[in-house]
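The values are calculated or read from the model by the stated rules, or taken from the named source; none is laboratory data. A quick note: this is a predicted structure, and the numbers were derived from the prediction, not measured. Ideal geometry is used to build each Cβ from the backbone, glycine not excepted, and the neighbour counts take in all protein chains shown. Quick note on the areas: whole protein, heavy atoms, side chains included, nothing else; ligands and nucleic acids left out. Shrake-Rupley method; radii C 1.70, N 1.55, O 1.52, S 1.80 Å.
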Amino acid sequence: MKVHRQIQNLPVAEVYHALASDAGGLTPAEAADRLREVGRNSVEVSDPWRLLRSLMRQFTNFFTLLLFASAGICFVAEALQAGQSMLVLGWALSGVALLNALFSFVQEYRAERAMEALRQFLPPMVQVVRGGQTQSLLSEELVPGDVLLLQEGDRVPADTRLVSVEDLVINNAPLTGESLPVALTAEPVDRRLVESNNIAFAGCLVLRGRGQAVVFATGLRTEFGKLAHLSQAIRRTPSPLQRQTSHMVRVLTFIAVSLGLCFFLYGVFSGRSLWVNLVFMMGIIVANVPEGLLPTFTLALALGSQRMARRNVLVTNLNAVESLGAVQVICTDKTGTLTHNQLAVTRLMPGGTGPEFSNPQERQRLLELALCASQVRQVDQSYSGDPLDVAIVERIVAESGKVEPALLDIRKHFPFDVEKKRAAGLGLVAGQQVFAVKGAWEVLRPMLSGLDSGHGTTLAADPASLDRAEGAMTTLAATGFRVVAVAYRSIEAEADLELTQDHLEDNLILAGFLGIEDPLREEVPAALASCHTAGIEVILITGDHPDTAVSVATRCGLIDPQASAEVVMTGEVLESLSEAALAESLAAGVRIFARTSPAQKMKIVMALKGMDRVVAMTGDGVNDAPALKAADIGIAMGKSGTDVARASAQIILLDDNFASIVAGIEEGRTVFNNIRKFTNYVLVSNGPEILPYLLYILFPVPLALTVIQILSIDLGTDIIPSMALGQEPPDPESMRQPPRGQEFRLLSSGLVIHSYLFLGALEALWSLGLFFYVLHAGGWHWGMELAADNPLYRSATGIALATILLMQIGNLIGRRSTNLSGLDRGIFRNRLMLAGIMIQVFFSWGLLYLPPLQKILGTGPVNASIYLVAWLGVPLIFGADYLRKRLRPRAAQH
C-alpha cells in the first residue's frame, strides 16, 4: 500500500520536485502564473457587507421595532389632531430607538479589527530567489515554490519547508503557544506538520541564524491563515445579558402590543373615536414598555467597565462586563497567562550527589560555564540572543549584579546542533581557558570522566555516580523543568584551541544541571483559589508537553498533587473524539489539555458551551484568537498579548495579571445584581402607569396620566435613580456563591409579581386615590368628562404623577438590599442616589407649582396639605416591602 507523504517527510531534492521548483527559484513567468492561480499571500476580509448588515440588524430587534412603530403612531395621531404634543413624543421615541441601535452597532464594529491586526504579523518585504537571482518583493506576491531567504529578526511570511540552515532558531509561540525556541533543520522528519522542526510557519519570528526555505502554502492556506479564517468565520453567540434582555423585551413587547390591540378594538366596538383609541393604544404601549431601561442598561455597563478599568480590566464590549460575572468555566492558556512567557534559570544542581548549590561561588561557576557555551550580545542595557542564553545571563546578573565583559567574549562558539542536541564554546572562566558544553544529558553522559560534587571536589564518572546524576536530573525534569546539563574541560595547551568540537568533547567533567522554566506568576495560586471558592471551574489548555502542563497545574493549585493521570488529555486523543465524547470526558473530570492545536482549543470551548456552560477563554497568542472569539468571554493579555488576541477578545487584562480576572468576575456579578435591582425598580412604576388606561377604557372616568407624563418618569426621573442602583458596591457574599445557572431569568415570575402586583399596585392605588380625591373635592362626578386643559383635571393628574415620583423614593431605597431594609448600606455613600432622590423631590414639587413644568406636562397646583399626604406614600411602600422581607427573607430574591 502506498503511504502518502507530506512536505515535512520529504528529502530536500524531493521537496523541490513536489513544488515544481529548484534551488534557483521560480522564473518570473512561473511566479506570475501561480499568483493568478492561488491568489495573493494575504489574509483577506471576505465579507465587505458585514458591517452594514450588522447596522441593519440593530434596527430589527423587538424593542427597536416597537419604539419606531409607536413613533409612527404618534406622527399619525399628530396629523389627525395637531397640537396634542404627539409630534414631540414621536421624536422622543425615535431618538431612544436610534440611540439603542447605535450603542449596539458600535460594540460590534470592534470585531472587524481582528482581521486588520492579523495583517500586521506579516512583513511587507521579503528576500527571495527567482530566476537564480536574489531580489526583494512584497510578501503578498509570494507563491508556492518560491525560494525564501530567512535571517535573524525576520517574521516568516508564509509556510515554508527548510532546505538549508545555519544555526537557525525560531520562536513559534505566537502560533503554537510554546515559549521554548525551536532549532530548525533541513532534514526530513516523521512528525505531524505542526510539530515538525523543518517547517517555518507564517507569522513566527527568526531568533537566530539564517536559512533557505521553499514556500508551500500562502495566504489562507497557511496555518496562520487557517487561524485567520477561523477567527473571521466565528460568530460570537449572544452574551447571557443579551439573551436575558432579549427575553425580557419579547415578553414586555408581547404584553404591550396585546393589551394595546385588544383595548384598541374594544374602544372601536364601544363607539369611541379613532383619535381616543389611538391615544389609548399609545398609552398602553408606552406604559408597558420601560423606554429608559435599555439605555440605563448601557449606562450601568459603562459604569461597570470604568470600575473594571480601575482594577486593570479593560472592556472592549460592554455586554462582557456582566457576562464575566456569569462565567462558570475559565479555559486558560499556560504560556503568558499562568506563567511569564519568559525563560528563567531557577534551579542550579551539582553534577554529583547533593542538594541544590548553596555556595554562591559554585552557582556562579556553573552559570559562567553555561555562558561559555552560549552566544549573547549586549545591546544598550539589554541582551540579545537565544532565549535560553539570555536567561543564563539574566541569572548571572541576579546572582552577582553584573556580567563581566570577558564572559561575553567567547573565543570560539559551536552553535546548537539539532542532531547533536548540544552547543559548546571556548572561553575564559575564572581566568582559565575552558571548553564548555551545554545540552541534553543523554548525549553528554558518554563524554564524561568526572562529576563536580558541589563541595569543591571531583568524583569519578563510574556507573554508580552517573546513575545518581541521572536520577537527580530525572527528578528535576519530573517537576516540569527543562533540564540542561553543563560539562567542561580545561584547556592546558594552546594547540587544543584549534581542535574540532568532536576532539574537544572528551574527558569532560559534569559541572551540574540548569533547571529552566517559564516561571509561574506569583499571584496565580491565590487567584485560582478564589475561582474555586466562587464555584468557577478552571481548565488548562496548552500546546506544551503534558508533563510540563501537569507540573504548572499542580504548582498553581489547579489540580491536586495526587490527581490521577485521567485529568490530562493530549491533542492526539482529543483529535479522535467527537464533541459528545469530549463533553463526557469533561464531565468525568479532565482539567488539562496538552499538545493542543488552535482548532482543538476551539473544539473544547464549543463542547463546554454544548454543556450549557458560560465559558471564558484566556490567551495572548495568535493561536488563541479563534477560541477567544468562540468563547462567551474572550480574555486577552494586555502587555504580552498579540494584537490579534486583543482584537478578538472582549476583556483585556492591562497588567497581564490572572488575579485581575477574579476582580473582573466580582465586578461582573455586581453589575448583574445591580441590573436586577434597577429593573425591579423601573418596572414598579409600570403598574401605576398601566392601571389609569385600563380604568379609562373600561369606565367613564378621566385619564389619570398622559403619555407625556409617563415618559417624564421612564425617560426622566427614573434614569438617575436607576444609574445609582447600577453603581452600588459589591456584596461581600457575591464571590462565595456559585455562578447563576443558564435557567436564571432577569425577568422572572417572582420579579414580575413583586413589581406589578405588589409594589406597583400600591403605587397605583395611592396615586389614583389622590387623583380621584382631588377630582371629587373639585366637584367632579361619575361619568363627567373633563377637557385636557381643565384646571381641575390638570391638578388631579398632577398629584397622581407627583405621588408616583415620591413613592419611587421608597421603592429606590428598598431595592438596595435583597433581604435588608436598604438603609443599612448607608444612603449617603451613594451620592448619585442622593442626587436622584433630590431630583424626584424637586420634580414632584415643580410639576405642581412651577408654571414652565406645568405647561410641558399639563399639570396644575393642589393644596399643600394634599401634597403632604402624597409624601405618606414613601413610608407606605418602603414599610410594606420591608415587612415582606422580614416575613419571607428569601422572597426578595425572586
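List of remarks:
- Within segment 423-442, the residues that satisfy the criterion of being out of contact with any strand residue (DSSP E or B) (no Cβ under 6 Å at 6 or more places or on another chain) and either aliphatic (A, V, I, L, M) or touching a residue at least 60 places away in the same chain (Cβ under 8 Å) (or both) are 428, 429, 430, 433, 440.
- Residue in segment 693-706 that is open to solvent by 10 Å² or more (accessible area, probe 1.4 Å), over 30 Å from residue 87 (Cβ atoms) and of a type in the set (S, T, N, Q) present: no
- Those residues of segment 200-216 which are more than 17 Å from residue 182 (Cβ to Cβ) and either at pLDDT below 80 or open to solvent by less than 10 Å² (accessible area, probe 1.4 Å) (or both), in sequence order: 214, 215
- Boolean, residue 319 is touching a helix residue (DSSP H, G or I) at 6+ places or on another chain (Cβ under 6 Å) and at pLDDT below 80: yes
- Candidates 579, 584, filtered to the one that is open to solvent by 10 Å² or more (accessible area, probe 1.4 Å), modelled with pLDDT under 90 and at negative phi: 579
- Scanning segment 133-165 for residues that are of a type in the set (A, V, I, L, M, F, W, C), in contact with a helix residue (DSSP H, G or I) (Cβ under 7 Å, 6 or more places away or on another chain) and either open to solvent by 10 Å² or more (accessible area, probe 1.4 Å) or not assigned by TED's automatic domain parsing to the domain that holds residue 206 (or both) yields one hit, 163.
Conditions (1) under 30 Å from residue 303 (Cβ atoms); (2) open to solvent by less than 60 Å² (accessible area, probe 1.4 Å), marked per residue:
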position	(1), (2)
779	no, yes
784	no, no
816	yes, yes
847	yes, yes
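- Within segment 644-703, the residues that satisfy the criterion of being without any contact (Cβ under 8 Å) to a residue 60 or more places away in the chain and assigned to a helix (DSSP H, G or I) are 645, 698.
- For segment 761-812, the set of residues classified as under 28 Å from residue 877 (Cα atoms) and charged (D, E, K, R) consists of 763, 794, listed by residue number.
- Test: residue in segment 455-464 that is touching a residue at least 60 places away in the same chain (Cβ under 8 Å), open to solvent by 30 Å² or more (accessible area, probe 1.4 Å) and under 50 Å from the mean Cα position of the chain (by Cα): no
- Residue-level analysis places residue 569 outside the set of residues that are over 22 Å from residue 227 (Cα atoms), surrounded by fewer than 21 Cβ atoms within 10 Å (Cβ to Cβ) and among the hydrophobic types (A, V, I, L, M, F, W, C).
- On inspection, residue 559 passes the criterion of being open to solvent by 10 Å² or more (accessible area, probe 1.4 Å), part of a loop (DSSP other than H, G, I, E, B) and either within 20 Å of residue 441 (Cβ to Cβ) or touching a strand residue (DSSP E or B) at 6+ places or on another chain (Cβ under 9 Å) (or both).
- Yes/no for residue 346 being crowded, with 18+ Cβ neighbours inside 10 Å and not charged (D, E, K, R): no
- Cross-chain or 6+ apart pairs with Cβ under 9 Å, segment 82-108 first and farther than 14 Å from residue 60 by Cβ and aliphatic (A, V, I, L, M), then modelled with pLDDT under 75 and not in a helix (DSSP H, G or I): 92/291; 93/291; 96/291; 96/292
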